[in-house]
Structures are given as C-alpha cells and as structure tokens.
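J.: I have a structure I would like to understand better, so I am pasting it below and will then ask my questions one at a time.
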Amino acid sequence: MYKLIDIPNHQLEEIINENIKKSEKILIVVSFIFQKGLELIFDKLTKFKNPENITIITSNYLKSTEPKALKKLLELKSLGSNIYLFDSLTSKENFHIKSYSFENKSNNFFSCIIGSSNMSFSAFKLSHELNIEIKDKNFLEEYKKKMLNFLTHLHLLELNEKVISDYEKVYEENNNSILKFEEPITDDIKIIPFKEPNLVQLEALEELKKSRDQFNKDKGLVVMATGLGKTILAALDVASLKPNKILFIAHREEILIQSEKAFRQFIPDKKYGFYKGAKKNMDNEYVFASIQTIGKKSELEKFKKENFEYIIVDEFHHVGAKSYKNLVAYFKPKFFLGLTATPNRTDNIDILQFCGNNLIYKKDLIDGINLNLLCNFDYKGIIDKYVDYTKITWKGKKFDEAELDRNLNKSKRAKYVFDNWAKHKQTRTLGFCASIKHCEYMKDFFTSKGIKALSVHSESKTNRAEALRMLAERKIEILFSVDLFNEGVDIPAVDTIMMLRPTESKIIFIQQFGRGLRKAEGKKLVKVIDFIGNHKIFLEKPAALFDFDLNAKEIGSFLKKYKENKLNLPSQSRIFYDPETIDFFKKYSLKMKKEEFIKFEDGDITKTPESQIHKAFNKTDVHKLFKFTGPAANPDVYKMFGHVRPKGVKEQFLFVTLIKTDFQIEYAYQDYFKSDRLLHWQSTKGTKEKNEGGKSIINHKSTGKDIHLFVRTSSTAGRKFLYCGKINFLNGKGNGPFNVDFELETPIPKKISEEFVRVGI
C-alpha cells in the first residue's frame, strides 16, 4: 500500500509522530539532521517505551548536520537508543539517504517512508518535498536488511562526545567565514497584497533612476529602516527595468521565500528558482540565493561573471563577511544594489566602498515614524541599579559570560525588572536577554509571579514561529529570547520591548529597538524598557539612536539637547532617562574629557619611513609613504585593515585599534600593549599558524618581508594611526585566531606608551 505525503500540507511531521506512537521499533537513516527538525519529533522519541529499539544513522556528509543536533541525540543514546554517524569525510563516500521506518509486529503495523526529506524544519514544514510511505511487511524486512548493513561499515561511528567534538572543529572551520544559514522561523510565510508604493518607496525609486540615468552609476546602497519596504522597493525597481536575469541574495531562508513571493506579485512571467543548500536552480531567470551557498568561490565559478543583469543583496551590513566579499568581487552586473536598515557598522568596515561609495537613498527609523509609516515609541532608560558592571571582567569585546550571568541571574535584579515591567508594559512583550541561562532564569521568575511567559533560543523546544503565534494570540504575555529576533523577522503584534542586557553593537541595539516599530491594528506606540548599567558600553545605546560619536564633546551635546528637550524625536514619541542614568552619562563624559587622547604629530609622506616613526598618518598616506607602485599604489586596492600584504610590495603592515567598544563583536580582536616595546596581537579567524597568513608573520625575517606597525587608540579618537616602526615576531599560537607577541624595534616614548598600555587593558 502506497501513500503520497505532500509536505506543503505539513503531513510528514504529523505522520512520523503518529508512527512513533504506534511502533515497537524505529529505524531512521538520514544524511542531514538539524536541531529544529529534530525538535519536531524529539519529545515523542524520548517518551518511546522501548528506547533501546530506536536506531538513528546520520552523517557528516557535506559538513551539514549540526553539531548541536548531534549533542541532543546523545540524550537519546543515554536512554539506550542506538545512534551512529557515517563518516563521509574519512571514507570519501557520499551519504544521501532519507528514510524513516517503523514497525509493531503485535499490531501488524509496518511503515517505511522514503523520499527527499532530511530531518530539518524546512523539510518537515516548508519545502516542496515528495515522500512515499510504503506499508508492507515484506518491503520493510528487505529495507531493514539493506540499511542495517551500514552497522558493519568500517566508517560508521558510534556517536559519543569525542566524535561530536572532532566533527565540530571541521564544521566550524567550514562555516567560520560565512554567516550561519538559519532555518525558517515560520511555516506560513505570507505576503500582504501590494496596494501602492509608500512615499519612501516612491522617493527611493526616483533616486535609483536618477543614479543610473543621470550619474551613470552601476552600483549603490539604499538604507531604509525596518518596516519601510526595502524588498518591495527592489521588486518595483526590477519591474521598471525588466532585466532578463536577476540575483537576490539573503542569509535567512524566510527572507528568500518572502522576497521571491513579493517579486512574483510584480513580475509573474519570469522563471523563478532558489539557489540554497541542495537546491541549485542556476538556470532560472530570477534566482534567490543564500549567501552561505553561493558565496563560496567554488559555487560562484559555476556562473559567468556577467550572468546576472541586476543583483540585489539584502541585509548588506553583513558585507564584511568573506562570503559577501567573494560575491561582490566576482559578479559584473549592469546594476548592483545593496539594501540595509542598519548601515553603521562598528568594525571599521565602510560598507559604502562595496557599493561604489554611492549612497542612493536613506531613511532611518525616525524618518519612518515622522512619515507615519512606523509606530511612535515611549522609551524608558532605567538605571540597572542591582548590577555593578565595572566589577564584571571585560574581555576586550564583551563581558565574561559566566560572570555576567551570575550578576544578572539574581532575585533582586529580576524583581526590579519585574516591577518596572509591570509599571510600564502594554499587552505583548519581547524581552532580550544576555544568554540562554539568563533567558531561562527570567522566564522562570516571571512564571513564578503568575505571568504566562515563554523562552525561545537555540536550545529551546519551542520554535520561533510557534512562540510568536502564542504571543500574538496572547496565550503568553511575555517572550524572552537572546538574539533570535534581531533581523529578518516581522512581529507587528509586539507593543513592548524590554532590553535586559548590555549590547556591544549599535547595529544589534537598533535591530532590537526596531522589532516593535511595525504598525498593527489597535497599536498606538511601542514601549521600550531599557536597563542602563554603569559601564561605557551602555553609551552605545543613545549613540546609536541619536547618531553621535562616543567622545566627551558629543556626549555633552546629547545631554544638553536632552535637558532642553531638543532631541530629534517624532512629535508623538517620548524618551526618558532616570536621573541616575543621566548622572552616569555626565560622569563618564567628564572622565573622557579628562582622559582626552594624545594628539599625535602629523607625518610627512615626502620623507623616508625611518624618519617618520611616531608620526601620525591616514591609511591612504601609507601608500605614498612607502612609495607603492603598480596596482598597490591604488588606495582602493588595499584598504589597510588589520594584517596587510600588498602584492608587489616587499613590506607587510599591521593596523591596530586598541579600544574596540564600537566594533562589532566578531571583529573585536584582543590587541594590547604589554610594555613600551611588546605588543600582543590577535589575527582574524582566517589566519592560522600553518597557513600562508601565519607563515608570512612567523618567517618574515627569513623572507625579508619586514612588518610595519600602525596604532591608534580608538576609531572615535581620529582616523590617523601612529607609525611605530618595524616589529619582529617573538612567539605565537592558535589556529584561527592566531595569537602573536611582537617586539618593537623602536620603543614607544613614555607618554604615548603609558596611554597605549592603559587603553589596551
């Protein structure tokens, strides 16, 4: 007996769970397992009456199975289940089986599901899949013989912590240069029927046309706050140009699916396809691709450089990642468009350089509110009085997580949060926490107070879509999360945002702030309850919202405008800071004023580098100071970030920024002076002791490639770097990042070294 299972109707998950309940024995053999797919059936598996009769075989083929899913499977193994990993990496054999079998001889129940579905949320609930269920005893017996042959395979490994640990290293290495491609959060991605362009879209369309027709630009960036309709704008622009082939790039599957549906509204007569994971429809006219797939050089090279006439990259602030850089450098479209809501990266990477330095159009969230396209807000900046952040270890880029948890997960602090929430909340609250432990602690505390609360994070059983539905339907009053809702998620039902954590990134703060700005029926404004601690990192929040730099002058200007009620706010929006919070801002401003950074003497590019040690230079001056020739002489070729080895140039260069509070976390490397002539430096994840980048540092003396050091205190202290002369490799260890100690040939003068050592701590 055969039964077709149509995945779009969400039948597979239901049938598998039902079959688990009916069975005495279970055999699952799938090439890939993802945590969110496993979670859909995990509860039934853990409650299975005979766990020793469960056998699951998966693989590390294509390095796709998630290590965290394997760790979860260890829970099943601890109950007595048989869990195996087929080692495709060692055997060099592909493993692409997808099958689920169940039997109960006492009830004459036999079922074998074979088809296209791996164990993933997408395969179970979203993608177009085709599976066949065969309910036949004889077939099942033959199938089991075939599958159980794997149990004697030389490269079948019994799952344990060491197997997972070994694979995790390979998995992370494969994924460290690209963004994580998360599975969709929703099984019902819908597009609101388009009525007419809003004012922002009309203005942006006009500017796009002007940029191409009047100024002959072939690339550019559009900045539009979340909720203003970036995707629809792109679709409208494409519809007006009618290119034969386009490429749309995103890093989340729900964005790809939503965008593809949006484009179909305006351009229905084109052949559409996706390029993600195993689905690589490269011959379609309009291709919607995950950056994780197409951003690899091996994938890019499958296409002609001029294959697409128009390329759109969503969430363009991620362009600092290697996969995006690969894509931007490879394709040669007639027009290239970057889209983002948050352009101001904090890692010193100017995203405009990847768009021809052409900012076509910009409207931020304040503009969106003023145009009545986004909700007004009522912001409360409340002093975080039960946490002393100055006593929590700061590790150069963020607080020590364990120490932070211990300080946040206290009943006094939780009660303080609860009381302020009860005072200011509306109907549906989204609370951003610092960690999974913090997330669970807050959920448990609120539940103990009789509040219907839920937590959702990378390890929670409840998926994001279900959690959001429960919040929208008011089955829960508050939803606690870590970073799952930062971007790519529309949650208009939320009318209260609560920020319970320090935020090291301006981008993340704006993204979290913006989660509540979507307009919805009956929603007048969003309330934002933000807990401000006594650490300089909390100044990033007003700096992000009101676009000012973290120096004494601009903090002072912000405080003056706040006191005089002259901040750039929409007429119906309000902002309030506790007096204690304002006092902290004032004290820190005075501290910064007293500790103004040393102003370095400007250097002279007409003289020799040896004569210009301890003089200040812009990055672009370095090309001239060292008399670069050929392609290297073009400042656009080598931007002088981090460790630079220009082609055709004998020297190497190291650019170091000591204070990195305004850097995005993944770029906040641990660089600091130990003394006037000792520097500790940390490489990017791509540099390893034994690869080309690491060897060029270790062997610089023998190869004759001197390393020259340029240092500045912070990005806010100015663009110029102090030239510190040549440095020599002393020792180093680590693989991605590579941690190195250098010795300076010329010691830094006492006054400067004291500052460098101070700010580097």
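J.: Mind checking which of SER505, GLN353, PHE585 is farthest towards the positive end of the chain's charge dipole, using Cβ charges of +1 (Lys, Arg) and -1 (Asp, Glu) about the Cα centre?
T.: So the residue we want is PHE585.
J.: Calculate the dipole size of the stretch 199-363 relative to its Cα centre from +1 charges on Lys and Arg beta carbons and -1 charges on Asp and Glu beta carbons; express the result in debye to the nearest 20.
T.: 380
J.: Tabulate in residue order the Karplus-calculated ³J(HN,Hα) for the stretch 269-274, using 6.51 cos²θ - 1.76 cosθ + 1.60 with θ = phi - 60°, rounded to whole Hz; enter x for Gly and Pro.
T.: With coefficients 6.51, -1.76 and 1.60, one gets 8, 9, 8, 9, x, 10 Hz.
J.: What is the calculated FRET efficiency for LYS650 to GLN353, with r their C-beta to C-beta distance and R₀ = 45 Å, to the nearest 0.05?
T.: It comes to 0.95.
J.: Would you compute, from DSSP H runs of 4+ residues alone, the mean residue ellipticity of the chain at 222 nm, taking -39500 (n - 2.57) per run and dividing by the full residue count, rounded to the nearest 500?
T.: Rounded to the nearest 500, it is -9500 deg cm²/dmol.
J.: About the Cα centre, and with charges only on the beta carbon of Lys, Arg (+1) and Asp, Glu (-1), how big is the dipole of the stretch 32-131? Nearest 20 debye, please.
T.: 180
J.: Still on this structure, I have one more. Can you give the three extents of the C-alpha atoms in the stretch 199-363 along their principal axes, from longest to shortest, in whole Å?
T.: So the three principal-axis extents are 39, 38, 29 Å.
J.: Right, something else. Taking H as built 1.01 Å from N, whose amide H comes closer than 5 Å to the amide H of ILE383, not counting residues under 5 places away?
T.: Close amide H contacts, sequence-distant or interchain: ILE532, ASP578, THR581.
J.: May I ask which residue of ASN149, VAL29, ASN735 lies farthest towards the positive end of the charge dipole of the chain, with charges of +1 (Lys, Arg) and -1 (Asp, Glu) on Cβ and the Cα centre as origin?
T.: Selected residue: ASN735.
J.: For the peptides 51-64, 105-118, what is the packing order when you average, over each peptide's residues, the other Cβ atoms within 10 Å and list the highest mean first?
T.: Taking the mean over residues of other Cβ atoms within 10 Å, the ranking is 51-64, 105-118.
J.: What are the residues whose amide H is under 5 Å from the amide H of LYS363, where those residues sit 5 or more places off or on another chain and H is modelled from the backbone?
T.: VAL223, MET224, ALA225
J.: Work out the charge dipole of the chain with +1 on the Cβ of Lys and Arg and -1 on the Cβ of Asp and Glu about the Cα centre, then indicate which of LEU654, SER696, THR684 is farthest towards its positive end.
T.: Selected residue: LEU654.
J.: Identify unpaired cysteines across the chain, taking unpaired to mean no other cysteine Cβ lies under 4.7 Å from the residue's Cβ.
T.: Cys with no partner Cβ under 4.7 Å: CYS112, CYS355, CYS375, CYS724.
J.: Applying the Karplus parametrisation 6.51 cos²θ - 1.76 cosθ + 1.60 with θ = phi - 60° to the phi angles of the stretch 294-299, what ³J(HN,Hα) value in whole Hz is obtained for each residue in order, glycine and proline being reported as x?
T.: These are the phi-based 3J(HN,Hα) values: 6, x, 6, 4, 5, 7 Hz.
J.: Could you size up the charge dipole of the chain around its Cα centre, putting +1 on the beta carbon of Lys and Arg and -1 on that of Asp and Glu, and report it in debye to the nearest 20?
T.: So the dipole magnitude of the chain works out to roughly 860 debye.
J.: In addition: Suppose a student asked you for the relative contact order of the chain, using Cα pairs under 8 Å spaced at least 6 residues apart; what percent would you report?
T.: After rounding, I find 9 percent.
J.: Could you pull out the GluC sites (Glu not before Pro) across the stretch 500-588 that fall in loop regions by DSSP (anything but H, G, I, E, B) with no more than 15 other Cβ atoms inside 10 Å?
T.: Within the stretch 500-588, the qualifying GluC sites (Glu not before Pro) (loop, at most 15 other Cβ atoms within 10 Å) are GLU521, GLU564.
J.: So which of LYS271/LYS304; LYS145/LYS461; LYS334/LYS519; LYS647/LYS685; LYS72/LYS425 end up more than 27 Å apart by C-alpha?
T.: In this structure, LYS145/LYS461; LYS334/LYS519; LYS72/LYS425 exceed 27 Å between Cα atoms.
J.: List, in order, the whole-Hz ³J(HN,Hα) value for each residue of the stretch 433-448 obtained from phi through the Karplus relation with A = 6.51, B = -1.76, C = 1.60 and θ = phi - 60°; use x for Gly and Pro.
T.: 10, 7, 7, 5, 4, 5, 4, 5, 4, 5, 4, 5, 5, 5, 4, 5
J.: Also: What is the set of long-range amide H partners of LEU159 at a cut-off below 5 Å, with H atoms built 1.01 Å from backbone N?
T.: ILE83, TYR84, LEU85
Computed from the coordinates by the stated procedures, all read-outs in this text should not be read as laboratory data. Bear in mind the structure is a predicted one, so any value in this text is a computation, not a measurement. Cβ sites come from the backbone with ideal geometry, for glycine too, and all protein chains shown count toward neighbours.
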